[in-house]
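What follows is one structure encoded as structure tokens, with my remarks underneath.
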Amino acid sequence: MAWAMELVDSFYLNDVNIDRIYLLRQHAQVRRWGGWHGSGRFRQGSFMTVSRRTLISALAPAALQLTAGAAWSKGHRLQLSAAYGDGIFHTQNLRNFAARVHADTQQALEIDVVSNSALKPMAQVLPALKRNEIQFGEVLMSSYVDMHPLLGMDSLPFIVRGFDEAARLWQLTRPVLQEFLLAQQGVRLLFAVPWPAQGLFCRRPVNSIVDLRGLRLRVQSDATKRLAELWGAQPVVLAAGDLGMVLEQGGIDAMVSSSATGVDSQAWKTMKVFLDIKAWIPKNMLCVSELAWKGFAEPERQAISRAAVLAEKEGWALAQQADELGKKVLVDNKMSVTAPSADLRRMLDLVGERFGREWVAKAGSSNMSVLMEYNKKRH
């Protein structure tokens, strides 16, 4: 095992390390007590040549455990994959989290926050954490809904009506997701922070769902595609990067998005109305590799946990501030920003109940209890 320690210094088990160690031992022979022969007994003193494939298979688990336990020397830089740009409050919150950990561990742990998914695309973050290729990673929870139904529950339309209800839903889903992610994915969930609530932008006033029939509605997810079907709207598949251009060209009549997105895309160029329907409040979550976590000293784990609690609290406050600021900018640019009428609210709640039933049909009875518990306290 001593020769495997060569991997620790470079931290990663990669082709360069494998080739270096393989060449050193290519002509060596490893004495075994193994090697069955006809008598059914081990023949002492038999030999075998170590192949490159055998070496990789033998080294992989040992190297991961060694790196987890030995790599975190004082001042070692850890990597955090942030999903979004530097100007987004989520990324700013992650940098504050990293700074707190650095200070609280007397500079023993330094977390390098790399924005814009530059380290790993979002779809690869959790697998990379499991392998300890990166130590911390941020993802949009609903982007992993295929992994567990509860990861997409916060993006079900019209299940929550505001941040208070979103926080209560999170408290109900959090324990289940923490256990699942740790046991099945090898990652430890640290905290989750919401986005501003999703509202309805439209070219004209909307007093009823009927007013949406035939309008060209932006579709960017399965949920918005289903909304277009239920509302009788024409779906227009549109990626975020194309939104500003298509809005300016008048290519859509309505979209479900946050006030912050409306500001970024200058929705007021073609949209006249923002209905604050709070269709859903999605969240980002930050996780840490369990292999990395095992390598931290107990005081370092406590420092990370304390920073995570503060980051979650402050992140929720930042999301609400971003929501209010976004709506103010829309108003300043002559958009009408209002809450839905009582009649429209009832119609939207009925749509939410339908989404809930469809979700239960897919999620199964084992996950239904969470939605039932949430609805019981809601009404």
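The values are calculated or read from the model by the stated rules, or taken from the named source; none is laboratory data. Owing to the predicted nature of the structure, the values given are computational and were not obtained by experimental measurement. Please note: Cβ atoms are built from the backbone with ideal geometry, for glycine as well, and neighbour counts cover all protein chains shown. When the accessible area is computed, the model is the full protein with side chains, heavy atoms only, and any ligands, DNA or RNA have been set aside. Shrake-Rupley method; radii C 1.70, N 1.55, O 1.52, S 1.80 Å.
Amide H contacts of Val187: Leu182, Glu290, each under 5 Å away and 5 or more positions distant or on a separate chain (H built 1.01 Å from N in the peptide plane; Pro and chain starts excluded). One decimal place: the segment Glu229-Glu165 gains 20.4 nm when fully extended, by the rule 0.36 nm per residue minus the C-alpha distance.
Would you please state the base-10 log of I(q)/I(0) at q = 0.11 1/Å for segment 119-209, with intensities from the Debye formula using one equal scatterer on every alpha carbon? So the normalised log intensities work out to -0.39. Per-residue extension of 0.36 nm, minus the Cα-Cα distance of Met147 and Ala99, leaves a gain of 14.2 nm for this segment. Summary value for segment 117-204: 22 percent relative contact order, contacts being C-alpha pairs under 8 angstrom separated by 6+ residues. For the modelled label position 7 Å from the Cα of Asp211 along Cα-to-Cβ, which residues of segment 313-336 have backbone nitrogen atoms closer than 16 Å? Taking a point 7 Å out along Cα→Cβ of Asp211, the residues of segment 313-336 whose backbone N falls under 16 Å are 335-336. A P(r) calculated from all alpha carbon pairs of segment 135-292, with 10 Å bins opening at zero, reads 11, 37, 30, 17, 6, 0 percent.
Label zone of Asp343 (point 7 Å out along Cα→Cβ, amide N under 14 Å): in segment 255-290 this covers no residue at all. Accessible-area rank, largest first, for Lys283, Lys313, Lys334: Lys334, Lys313, Lys283, with all protein chains present and a 1.4 angstrom probe.
Determine which lysines satisfy two conditions relative to Lys313: a Cα distance under 17 Å, and not lying fewer than 8 residues away in the same chain. By straight Cα distance, Lys313 reaches Lys283.
The fraction of Cα-Cα pairs per 10 angstrom bin, counted from 0 for segment 299-375, comes to 14, 19, 29, 28, 9, 1 percent, rounded to whole percents. The label-point distance for Val114 and Arg306, in a model that sets each label 7 Å from Cα toward Cβ, rounds to 2.9 nm. Selection among Trp231, Gly326, Ser305 by position relative to the dipole of segment 211-368 gives Trp231 as farthest towards the positive end (Cβ unit charges, Cα centre). Computed over the alpha-carbon atoms, segment 125-168 gives an Rg to Rh ratio of 1.10, Rh here being the Kirkwood radius from the mean inverse distance.
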